[in-house]
Amino acid sequence: MKHFDAIIIGAGQAGPSLAGRLTGAGMSVALVERKLFGGTCVNTGCTPTKTLVASAYAAHLARRGDEYGIVVDGAIHVDMRRVKARADAVTANSRTGVEKFLRDMSGCTVIEGQARFEGPNSIRVGEDLLTAPRIFINVGGRASVPDMPGIGEVPYLNNSSILELDQLPEHLVVVGGSYVGLEFAQMYRRFGAQVTVIEKAPRLVAREDDDVSEAIRGILTREGITVRVGAECISLARHERGVSVGIDCAEGEPESVGSHILLAVGRRPNTDDLGLEEAGVTTDARGNITVDDSLATNVPGVWALGDCNGRGAFTHTAYNDFEIVAGNLLKGESRRVSDRIPAYALYIDPPLGRVGMTEHEARASGRPLLIGSRPMTRVSRAIEKGETQGFMKIVVDAETRRILGAAILGTGGDEAIHGVLDIMNAKVTYDVLERAVPIHPTVSELIPTMLNGLRPAG
Ligand SMILES: Cc1cc2nc3c(=O)[nH]c(=O)nc-3n(C[C@H](O)[C@H](O)[C@H](O)COP(=O)(O)OP(=O)(O)OC[C@H]3O[C@@H](n4cnc5c(N)ncnc54)[C@H](O)[C@@H]3O)c2cc1C
């Protein structure tokens, strides 16, 4: 039996930084990782996908060279082996960086293997039994496998296995038209594959407003991606050309045949093989570990951080979980998850930057609203870059004059949205942003202009 001041399970987006802070405070820490240092984000999530999105953008721009007066003599080819090698190199660099950070950390013992609770203060990893008065669970999640007819009879890809491809699929059928699915759909189209997206909901990224969904659909279909929505019943079967996906849609062909299928229909937490029942730690119906506003579980001395607590599904929310727990434990702060303003991006091109409520959510709240919007065709920087697809939109509470939410779907939208996020975090009225003097020419400079044109919601 080995005793520590703290045990951290998982070297994802919260665990390593937490180990750094706890050891810095003089604690002995055991950090257990069963697979790849850096977890999902570094190995099979953000890092490889954004690296691939960059390659896809380069291919797209190369094909559009003529529009910019750039002459390419000959055809544009995508070398998938080199595209993959670039993504692998960026990922490996990040992964080894995380591992080195942990192994060099004084006071931290890195243990590789599957961790399982044996009691509220004890964890088994192979032959080792570890005990600690504080245990931090940061086990993340994995791709869900939907219970659809034929699922056991066909080969399919998920967000991890698709990264192993070094050849272009002839026709990639993406089941799931949301954040993960759409990034892969657009990048593979730009690499040169035929791509079909099949979505069960009546529209793509159904969590977003209708106008955002519609604009995203337009961006993708203009690049030649086939989009099938309202696919009530999806089934899979072997086909001589690969896999046939049966689609019970209101309109269109009843099946789509692809050489490869990517399932991107959501994620599930890695909480089913942790022995949580041995510790008495409770989960909700989806398997997320139940936590309070400070991320403490129902068992004293046990916390859950990152995707496994169902309170965020992003790297920045997992990292913020670490800051909340560390701040409360080590600095006597009283930080809470509910203080966090939701913000995220969808990395198609152009990207969608999002913060706070959607317009739909704001309307449902019953508050009096002011709404402003502006198409990217009226943003100088977008015109100069030749990237005028999309629009920006902002929703303000008419009484408090506070910004409730915004969406920027357009070139630089993932960066420009931070101007709005900062004002929301500062808890000041929108006038502060409206009167600011932004830099010209930027996408951000039109946010004050948009605020200047706010109108009462109809
Ligand atoms: C395709 C894709 C793209 C994404 N892109 C973005 C993006 O652009 N921006 C963004 O913010 N988020 C993105 N995400 C989400 C982001 O990757 C996750 O939100 C983030 O990785 C969650 O971090 P985490 O620390 O909770 O878990 P993880 O990063 O999943 O880490 C958990 C770790 O715990 C380990 N582990 C699990 N169980 C055990 C056990 N029993 N014993 C020992 N170790 C264990 C795992 O091996 C893993 O290393 C993306 C996700 C996907 C799938």
Here the gain from full extension of Glu153 to Val257, 0.36 nm per residue of separation minus their alpha-carbon distance, amounts to 35.9 nm
Rounded to the nearest 20 debye, what is the charge dipole size of the chain about its Cα centre when +1 sits on each Lys and Arg Cβ and -1 on each Asp and Glu Cβ? 780 debye
Which order do the peptides 146-156, 173-183, 56-66 come out in when sorted by mean C-beta neighbours inside 10 angstrom, highest first? 173-183, 56-66, 146-156
Highest mean first, how do 136-145, 194-203, 384-393 rank when packing is the count of other Cβ atoms within 10 Å averaged over residues? 136-145, 194-203, 384-393
Given the pairs Lys385/Lys427; Lys2/Lys100; Lys200/Lys393; Lys84/Lys385; Lys331/Lys393, which are separated by over 30 angstrom at their Cα positions? Lys385/Lys427; Lys331/Lys393
Could you work out what % of the accessible surface of the chain is carbon and sulfur, using a 1.4 angstrom probe and leaving DNA, RNA and ligands out of the count? 50 percent
Highest first, please rank the peptides 79-86, 40-47, 340-347, 309-316 by the mean number of other Cβ atoms sitting within 10 Å of their residues. 40-47, 309-316, 340-347, 79-86
Grab the DSSP H runs of the chain that are 4 residues or longer, score each as -39,500 (n - 2.57), total them, divide by all residues and round the 222 nm result to the nearest 500 deg cm²/dmol. -9000 deg cm²/dmol
Which value, in Å², gives the accessible area per residue of the chain when a 1.4 Å probe is used on the protein heavy atoms? 46 Å²
When DSSP beta bridges are limited to those with both residues in the chain, what percentage is antiparallel, rounded to the nearest 5? 60 percent
Charge dipole (debye, nearest 20) of region 302-458; +1 at Cβ of Lys and Arg, -1 at Cβ of Asp and Glu: 380 debye
Result row for the chain, helices from DSSP H with C-alpha axial extent 15 Å or more and mean Kyte hydropathy at least -0.5, is 46-63, 179-191, 210-222, 315-330, 413-426
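The values are calculated or read from the model by the stated rules, or taken from the named source; none is laboratory data. Predicted, not measured: the structure shown is a model, and the values here were computed from it. Using ideal geometry, Cβ is built from the backbone for each residue, glycine included, and neighbour counts are taken over all protein chains shown. In case anyone asks, the SASA skips ligands and DNA or RNA and just uses the protein heavy atoms, side chains included. Shrake-Rupley method; radii C 1.70, N 1.55, O 1.52, S 1.80 Å.
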